[in-house]
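I have placed the structure first, in the form of structure tokens, so that the comments after it can refer back to it.
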Amino acid sequence: MLTLTENAATAVKTIIARGAETETAGLRIHGSDDPAQGFALTVAAAPETSDAIVDESGARVFLDTDAATALDNQVLDAEVDEAGAVHFALAMKR
């Protein structure tokens, strides 16, 4: 299952706080089963019925079926640039 670094958890919580008004909200990762093609990230009020849910330190991430499969054994990290933009990156678990 996907895990989050502390930086990613903080970034997810910040994004959700800005874009959602419900306690069930989370960042939804969806798209292709090929990580090289990338994934879409959206703020969702709640997970879809078939989504896997990652909840780390209060940061909720919803993964569609393809994303859950492709991102298994991955770690999501984040950094914020000088302009305040968040950049996410993936790495294999060690």
Inset, instruction - Could you list, in sequence order, all residues of segment 41-94 that are touching a residue at least 24 places away in the same chain (Cβ under 8 Å), hydrophobic (A, V, I, L, M, F, W, C) and part of a loop (DSSP other than H, G, I, E, B)? - result: Ala45, Ala46, Leu71
Legend entry - Qualifying residue in segment 42-53 (condition: open to solvent by less than 50 Å² (accessible area, probe 1.4 Å) and among the polar types (S, T, N, Q)): no
Inset, instruction - For segment 71-94, name all the residues that are loosely packed, with under 14 Cβ neighbours inside 10 Å and of a type outside the set (A, V, I, L, M, F, W, C). - result: Asp72, Asn73, Glu79, Asp81, Glu82, Gly84, His87, Lys93, Arg94
Inset, instruction - Considering each residue of segment 56-70, count those that are open to solvent by 50 Å² or more (accessible area, probe 1.4 Å), at pLDDT 90 or above and farther than 12 Å from Thr10 by Cα, and give that number. - result: 2
Legend entry - Residue in segment 24-40 that is most open to solvent (accessible area, probe 1.4 Å), counting only those that are modelled with pLDDT of 85 or more and in a loop (DSSP other than H, G, I, E, B): Thr24
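The values are calculated or read from the model by the stated rules, or taken from the named source; none is laboratory data. Since the model is a prediction, treat every value here as computed from it, not as a measurement. Reconstructed Cβ throughout: ideal geometry from the backbone, glycine too, with neighbour counts over all protein chains shown. Each accessible area value is taken on the protein alone, full model and side chains, heavy atoms only, with ligands, DNA and RNA left out. Shrake-Rupley method; radii C 1.70, N 1.55, O 1.52, S 1.80 Å.
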